[in-house]
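Below you'll find the structure, written out as structure tokens, and then a few comments.
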Amino acid sequence: MFLFAIMAERSSSLEGMQTAAYLMEPGRIELRRVPIPRPEAGEILLRIERALAGGTDRKAFTRGHPQIPMPGVFGHRYAGTVAALGENAPAFEIDQPVMGVHSAPCLNCELCRKGRCNLCPHVMREKVLGAFAQYLCVPAAVARQNLFPRPATLPAEHAALLEPLACVVHGLEMIDWRGVERVLVLGLGAMGLLFAQLLPFYTSAGRFGAGRRPATIELARHLGLKPVWQVDGTALAEQAGAGDFDCVVECTGNLEGWRTAFEQAAPGGQVLLFGGLPPGSIFPVDSFRLHYQDLRLLGSFHFSPRDVARARVFLLSERLELDPLISDCFPLGELSEVMRRLQKSEGIQYAIDPWKECDH
């Protein structure tokens, strides 16, 4: 009864308006004053402390994204505190710091029963969108499976990395590490740099890197990739040779990167195709190499609840360097500027503070 009274009091105090960012069309964001959501049964309302803007948001802003309807709210990487609880919601407390991801599988379909929860056809049915706002309502399935307490020692902007880290964990779990002696991380954005940090937990193989921007190349070296080659205008094969890596992790998300990853795989090697391409993209391969050199091409998409749980363990371990992966923190009112910076490859990813006032 006492808890219900607190919930009711908090819910009534949240009746009002909030500021939320809407992606209206590619290249145009609009800030709106909208009602604060009221959580339905099983749902949890969060007060957002930090959201993260990264590569997926940049793609949506630039060309649209099949999972981000326009016009509509967007932003899916978040951390905050519990503001209100719907009836029969998981047993969190008001004001409790939490961290989570944006989706959850149904756990009942054929793919879920086979352990392929990341491919559940319903995984995006009740997804979290709208982290670029002051409040966010987490659907019941996500709240039940993929929302976790956050210790006070873990900064909100670090906790918001749970989703990309879960994607990286999913990719690393797909690789057969037996006999792997040389690993190449191709593409040194936020995801490539997360791979650089998690690889030592999976393999003692030599870790190499290749990227374009001097700043991220230097950071990759600091994070343990050595050597790291700069490939801006220079083919990687001219510097590193060709076909010499037992495993190549492709993080560029462009067709040229996919081709380079295939070329760099040694006989018997594996290529993890992590960076996604636009729908309709065709990736031609040398069938002789694929067949007679026994190459394995691995597509990696999304994550399962198990991957999320493992990613959370890594976040709580305090063994990752996360500050260098967040280039700056901006108020919600400057989200368009953040997107333009990401389009120009300025910075890695950005934290958004929805309660921070703009400087102008």
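The values are calculated or read from the model by the stated rules, or taken from the named source; none is laboratory data. Just so it is clear, the model here is predicted, and its values are computed rather than measured. As a convention, Cβ positions derive from the backbone with ideal geometry for all residues, glycine included, and neighbour counts pool all protein chains shown. Keep in mind that these areas ignore ligands, DNA and RNA; they rest on the heavy atoms of the full protein, side chains included. Shrake-Rupley method; radii C 1.70, N 1.55, O 1.52, S 1.80 Å.
Data for the structure
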{"item": "Neighbours by Cβ (under 6 Å, 6+ apart or cross-chain): first from region 245-264, closer than 20 Å to S287 by Cβ and of a type in the set (S, T, N, Q); second open to solvent by less than 10 Å² (accessible area, probe 1.4 Å) and modelled with pLDDT of 95 or more", "result": "Q264/L184; Q264/F245; Q264/V248"}
{"item": "Filtered residue count, region 93-138, keeping only those that are under 21 Å from V73 (Cβ atoms) and in contact (Cβ under 8 Å) with a residue 24 or more places away in the chain", "result": "21"}
{"item": "Tally, over region 1-27, of residues that are at pLDDT 95 or above and crowded, with 18+ Cβ neighbours inside 10 Å", "result": "5"}
{"item": "Which numbered condition D232 misses (of (1) acidic (D, E); (2) more than 26 Å from D57 (Cβ to Cβ); (3) assigned to a loop (DSSP other than H, G, I, E, B))", "result": "(2)"}
{"item": "Residue in region 163-172 that is among the charged types (D, E, K, R), surrounded by fewer than 23 Cβ atoms within 10 Å (Cβ to Cβ), out of contact with any Leu (no Cβ under 7 Å at 6 or more places or on another chain) and in contact (Cβ under 8 Å) with a residue 12 or more places away in the chain present", "result": "no"}
{"item": "Residue, surrounded by the most Cβ atoms within 10 Å (Cβ to Cβ), within region 248-265, restricted to residues that are of a type in the set (V, I, T) and closer than 16 Å to I175 by Cα", "result": "V249"}
{"item": "Region 28-56, subset within 30 Å of F274 (Cα to Cα) and of a type in the set (A, V, I, L, M, F, W, C), residue surrounded by the fewest Cβ atoms within 10 Å (Cβ to Cβ)", "result": "I29"}
{"item": "Test: residue in region 100-121 that is among the aliphatic types (A, V, I, L, M), out of contact with any strand residue (DSSP E or B) (no Cβ under 9 Å at 6 or more places or on another chain), within 30 Å of A266 (Cα to Cα) and crowded, with 22+ Cβ neighbours inside 10 Å", "result": "no"}
{"item": "Number of the exception - L322 against (1) among the hydrophobic types (A, V, I, L, M, F, W, C); (2) under 22 Å from the mean Cα position of the chain (by Cα); (3) farther than 22 Å from C167 by Cα", "result": "(3)"}
{"item": "Single match in L194, L154 (criterion: buried (at least 24 other Cβ atoms within 10 Å of the Cβ) and either touching a residue at least 40 places away in the same chain (Cβ under 8 Å) or over 18 Å from D307 (Cα atoms) (or both))", "result": "L194"}
{"item": "Region 69-85, residues that are open to solvent by 10 Å² or more (accessible area, probe 1.4 Å), assigned to a strand (DSSP E or B) and touching a residue at least 60 places away in the same chain (Cβ under 8 Å)", "result": "V73, L85"}
{"item": "All positions within region 219-244 that are closer than 16 Å to Q293 by Cβ, without any contact (Cβ under 8 Å) to a residue 24 or more places away in the chain and open to solvent by 50 Å² or more (accessible area, probe 1.4 Å)", "result": "A242"}
{"item": "Answer residue from region 206-226, given it is out of contact with any helix residue (DSSP H, G or I) (no Cβ under 8 Å at 6 or more places or on another chain) and assigned to a loop (DSSP other than H, G, I, E, B) and is nearest to A266 (Cα to Cα) among those", "result": "K226"}
{"item": "Residue match in region 204-219 (condition: under 19 Å from the mean Cα position of the chain (by Cα) and among the aromatic types (F, W, Y))", "result": "no"}
{"item": "Residues of region 243-265 satisfying the condition of being closer than 13 Å to R182 by Cα and either among the small types (G, A, S) or part of a helix (DSSP H, G or I) (or both)", "result": "G243, Q264, A265"}
{"item": "Residue tally, condition open to solvent by 20 Å² or more (accessible area, probe 1.4 Å) and under 13 Å from L46 (Cβ atoms), over region 136-148", "result": "2"}
{"item": "Residue check for A133: more than 17 Å from the chain's Cα centre (by Cα) and surrounded by fewer than 21 Cβ atoms within 10 Å (Cβ to Cβ)", "result": "no"}
{"item": "Options L225, L295: the member that is at pLDDT 95 or above, closer than 24 Å to P324 by Cβ and in contact with a Lys or Arg (Cβ under 7 Å, 6 or more places away or on another chain)", "result": "L225"}
